[in-house]
1. Helix 163-172 sits at what angle to the longest principal axis of the chain, using alpha carbons and giving 0 to 90 degrees rounded to 10?
2. Cα convex hull of the stretch 92-208: how many Å³ per residue?
3. Using only alpha carbon positions, build the gyration tensor of the stretch 129-273, then give the equivalent ellipsoid semi-axes as the square roots of 5 times its eigenvalues, largest first, whole angstrom.
4. Can you give the convex hull volume per residue for the Cα atoms of the chain, as a whole number of Å³?
5. Just order 60-70, 209-219 by mean Cβ neighbour count inside 10 Å, highest at the front, would you?
6. Please report the Cα spread of the stretch 162-216 along all three principal axes, rounded to whole Å, starting with the longest.
7. Jot down the per residue volume, in cubic angstrom and as a whole number, of the convex hull over the alpha-carbon atoms of the stretch 38-151.
8. Which whole-Hz couplings ³J(HN,Hα) result when phi for each residue of the stretch 196-212 is put into the Karplus expression 6.51 cos²θ - 1.76 cosθ + 1.60, θ = phi - 60°, listed in order with x for Gly and Pro?
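Read the figures in this text as sums done on the coordinates, not as results from a lab. Note that this is a predicted model, so its numbers are computed, not measured. Positions of Cβ are generated from backbone atoms using ideal geometry, with glycine treated the same way; all protein chains shown enter the neighbour counts.
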Amino acid sequence: MTQHPSPTPSGDTPLVRLTVDRAIATVTLDSPRNRNALSARLRSELSGALADAVADDEVRGVVLTGTGSVFCAGADLKEVGAALRGTPVEPAPELPEIFEQIMGAPKPVVAVLNGAARAGGIGLVAAADIALAPRSATFAFTEVRIGVVPAVISVPVSARMHSRQLSRYFLTGELFDASEAARAGLVTQAVPDRDMEHAVDAVLQGLRGSAPRALSRTKELLGELGSGALATAGRRAESFARMGELSAEFFGSEDAAEGRAAFFEKRPPRWAR
């Protein structure tokens, strides 16, 4: 197994780790202290790790996973709030770029959940070609409950989830489990927790046994056969641009400021009844 530490500021512990073993690159979100939230630094390291994995000619497929009890909690709300108050945030790839790295990668990406996913973290799950979740994992599109819109993540998520479940969970923000996520098309399989290693191995053995060029062309073919956001890179770019504008509008709103305050103060927002 080879390890490729993601570039980080001198002296800082990496938030994302990249290892390669038998033609499979594993990209691990390793910021459990904030539930692997998508901070600017984590996004930068994640983007770099994905690029390195795809550029490695020995890599047949990419696993995306996390450490701790949460796969990814979505946006780093403290950082978002600070940025809106004018605090400088280090330049970093935004979520559309990361989703496109995954969706447009010439190699299959397998999301292997280690726990719960929320908001933008679910976008990572939907962007992946295959997603395996332990049955104990939970999901929620929490955006509406903090006064924002699940805009950017709607591009990959709407290409996966069946429309009735998509409407329900986008509009209510309610919690749903891995079995429901599988029924809704969000994840490929909900696996008993004790069987996750076996389920992952089965998928990876399939990738390891496949011809690299055929794998790449088959992933491209799946996009051609699909509809909506999966169809073409150009269509995804247009969707991401429109949704980015909508997201920015709502993240800068008074409702969003109240939603963040309520979240951190552990109280209902003023609109809750």
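1. 40 degrees
2. Values: hull volume 12.0 nm³, N = 117.
For the stretch 92-208, the hull spanned by Cα atoms encloses 102 Å³ per residue.
3. 32, 22, 12
4. 130 Å³
5. Answer by packing, highest mean first, reads 60-70, 209-219.
6. 43, 30, 13
7. Once divided by residue count, the hull of the stretch 38-151 is 105 Å³.
8. Running phi through 6.51 cos²θ - 1.76 cosθ + 1.60 with θ = phi - 60° gives 4, 4, 5, 5, 5, 4, 4, 5, 5, 4, x, 5, 5, x, 9, 6, x Hz.
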